[in-house]
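Chemist: The structure is given below, and queries will be raised subsequently.
The values are calculated or read from the model by the stated rules, or taken from the named source; none is laboratory data. The model shown is predicted, which means the values in this text are computed figures rather than measured ones. Ideal geometry is used to build each Cβ from the backbone, glycine not excepted, and the neighbour counts take in all protein chains shown. With ligands, DNA and RNA removed, areas are computed over all heavy atoms of the protein, side chains included. Shrake-Rupley method; radii C 1.70, N 1.55, O 1.52, S 1.80 Å.
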Amino acid sequence: MPHTTIILGVIGADVHAVGNKILELTFNDAGFKVVNLGVMVSQEEFINAAVESAASAILVSSLYGHGELDCRGLREQCRESGIGEILLYVGGNLVVGKRTFSEVEQLFRELGFDRVYPPGVMPEVAINDLKKDLGL
Amino acid sequence: MKALLIDFGSTYTKVALANLDPPGLIGTAQAPTTTSTDLLDGLRAALATFSPGELDGITVKRACSSAAGGLRIVAIGLVPVLTAKAAREAALGAGARVLATYAHTLTHQELAEIEDLQPDLLLLAGGTDGGEQRTVLDNAALLAESGLSIPVVYAGNKVAAEQVEQLLRGRVPRVIVAGNVMPEVNVLQTEPARQAIRELYLQEITRARGLDRIQQEVGLAMPTPLAVLRGGELLQRTRQQDLVLVDIGGATTDVHSFSDGKPRSAGVILKGLPEPFIKRTVEGDLGMRLSAPALLYSVGADRLQALLPFQPMTDEIRSYVDRISQAKDALPGSDRESQIERALAIACLREALIRHAGRLEEAFTPSGRMWIQQGKDLTGAGLLVGIGGALVHAGDPGAILQEALAAGDCLALTPQHPELYLDRHYLMAAAGLLADHQPQAAEALLRETLAPIGRCKA
């Protein structure tokens, strides 16, 4: 799987770093070229990195509950930046308060994400989905 | 055995004569630079101040030049804050004047601008290695069709290198392929591009600018800012301390920092493209003569007034600034004017250092307040060297530097308690010319020229 590049990062004012490292290791082991932007990543940073590296997917993590606010507008920014069709995945503790996962999933699908993951999903699930979505 | 070191400056041709064994300075001289006739005329005039015997036994001749506008580069990248910025950093680090930086695909308007600017070379970058190539290929094709006859250093996505070379070969005078200025996202690698620029300078540009005779006769080796950078590198290595050089001139103020600049405390996150260990900035609107009006505009009359020990009359600062901007060798004619001159120097240095250094920004997170750092943290720099006539001729250069560093902007990561030095004999460039092959002589010149002028109080 030559050079399939993905961008990883924890969006917004979120500093949770451990899960992000785990994702980096597992996606790396699975053969992807990983650009890990770390924590407190802005939409702009995700997109700049995706443009320069011709990435196939942006995987956004959000764990502090404010993901909806941070993720709003990302798909549109991708379009503006010439990468409108890039795969966007999001996962983590995406909302505060009680909402069913199917509500959360619908919300984020409407924001332009291709796949939405609740907490507790093993990285391998996302890896398999990514391979499927990229036809690998 | 002696070394003759020449700096063909834009105004003055400066000469330093050094003994190699034992290493030490013999003497210095200068004469106005003679760009309009033959650069060697100015050199001869400077050399005439030495006695004939003194000039015997010269085994090493090396020169640097910033005459006739220096080395002029246009940088082109993909994303403005990533590869376009990386290309710009590489060009500045090569001692060049960056005339313009472009991002994304070049437009016809931008190609026309490049033609008007008439750079000595184009630095073309874009895409990480294995990343985006479309833009860099489009730009190469556009440059090939444009009829611009300018050599190109390609320092973009390595996967596109061969095709870029093919597109440009025969259409531009020369193409050199160098390593990517940003091989991975947020990884800066300016060294290969700097070297390629140096190679092109020595092989092509000096000839194209009519400097090849200078190259042959007196060993023109590099643009002057690169010589200064080499001198600074040597000083940093010798003293094993992070270093900042600030060179305040008539038209520009250059700042060079030698430091990894990483965050110095926990709770600070570094964001953005990391800046190079050797970072150079050039502020074209901050200067003591030609750029004095621009300096006044950028800094503002209010801030200058705050630096004066008296209340200036209406337009007093403005008229002094207008007067000195017309003549490179203008001097203050009264005590009041000397004070205004001093205030201008402080404001100039302060602004240039703030712009060069990194910056902190507060970020509020559910885990509390964190800090985001962009650029280099220079707060721990151990040494600050002041260069330039405004400091050399001032009565109190140490106090000027201290005031420039004090009470600035608390979010600007400028040096906090460095030891202060003055390059009293203008030998930074000369030391840089010797640094590679005669480092002991270079170090001797640095010891000779660097006068300690105090230390910033804690």
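Chemist: Any residue in segment B:314-321 that is under 26 Å from B:HIS256 (Cα atoms) and β-branched (Val, Ile, Thr)?
Modeler: Checked segment B:314-321: no residue is under 26 Å from B:HIS256 (Cα atoms) and β-branched (Val, Ile, Thr).
A quick yes/no check of all residues on (1) in a loop (DSSP other than H, G, I, E, B); (2) closer than 16 Å to B:MET1 by Cα; (3) open to solvent by 50 Å² or more (accessible area, probe 1.4 Å); (4) in contact with a helix residue (DSSP H, G or I) (Cβ under 7 Å, 6 or more places away or on another chain):
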site: B:GLY24; (1), (2), (3), (4): no, yes, no, yes
site: B:ALA31; (1), (2), (3), (4): no, no, no, yes
site: B:THR34; (1), (2), (3), (4): yes, no, no, yes
site: B:THR37; (1), (2), (3), (4): yes, no, yes, no
site: B:ALA45; (1), (2), (3), (4): no, no, yes, no
site: B:LYS61; (1), (2), (3), (4): no, yes, yes, yes
site: B:CYS64; (1), (2), (3), (4): no, no, no, yes
site: B:ALA68; (1), (2), (3), (4): no, no, yes, no
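Chemist: Can I ask one more? If B:GLY250 passes every condition in (1) free of Cβ contacts under 8 Å to residues at least 40 places away in the same chain; (2) in contact with a Leu (Cβ under 6 Å, 6 or more places away or on another chain); (3) not aliphatic (A, V, I, L, M) but one, which one does it miss?
Modeler: Checking B:GLY250 against (1) free of Cβ contacts under 8 Å to residues at least 40 places away in the same chain; (2) in contact with a Leu (Cβ under 6 Å, 6 or more places away or on another chain); (3) not aliphatic (A, V, I, L, M), the one that fails is (1).
Chemist: Please work out which residue is nearest to B:ARG237 (Cα to Cα), limiting yourself to segment B:408-458 and to residues that are among the hydrophobic types (A, V, I, L, M, F, W, C) and in a loop (DSSP other than H, G, I, E, B).
Modeler: The selected residue is B:LEU427.
Chemist: Still on this structure, I have one more. Just checking, which of A:ILE86, A:ILE7, A:ILE11, A:ILE58 is touching a Cys at 6+ places or on another chain (Cβ under 6 Å), of a type outside the set (S, T, N, Q) and crowded, with 17+ Cβ neighbours inside 10 Å?
Modeler: A:ILE86
Chemist: Answer yes or no as to whether B:VAL79 is more than 14 Å from chain A (Cβ to nearest Cβ) and either open to solvent by 20 Å² or more (accessible area, probe 1.4 Å) or β-branched (Val, Ile, Thr) (or both).
Modeler: no
Chemist: Return the only residue of A:VAL96, A:VAL39 being surrounded by fewer than 18 Cβ atoms within 10 Å (Cβ to Cβ), under 19 Å from B:PHE364 (Cα atoms), of a type in the set (A, V, I, L, M) and within 12 Å of chain B (Cβ to nearest Cβ).
Modeler: Sole residue among the options that is surrounded by fewer than 18 Cβ atoms within 10 Å (Cβ to Cβ), under 19 Å from B:PHE364 (Cα atoms), of a type in the set (A, V, I, L, M) and within 12 Å of chain B (Cβ to nearest Cβ): A:VAL96.
Chemist: Let me ask another. Please go through segment B:177-207 and give me each residue that is polar (S, T, N, Q), within 14 Å of chain A (Cβ to nearest Cβ) and open to solvent by less than 10 Å² (accessible area, probe 1.4 Å), ordered by number.
Modeler: The answer is B:ASN180, and nothing else.
Chemist: Give segment B:294-315 a look and list any residue that's more than 16 Å from B:ALA404 (Cα to Cα), surrounded by fewer than 16 Cβ atoms within 10 Å (Cβ to Cβ) and in contact (Cβ under 8 Å) with a residue 24 or more places away in the chain, or say none.
Modeler: B:PHE310
Chemist: Now for a different question. If I go through segment B:32-88 residue by residue, how many of them are over 18 Å from the mean Cα position of the chain (by Cα) and at positive phi?
Modeler: 1
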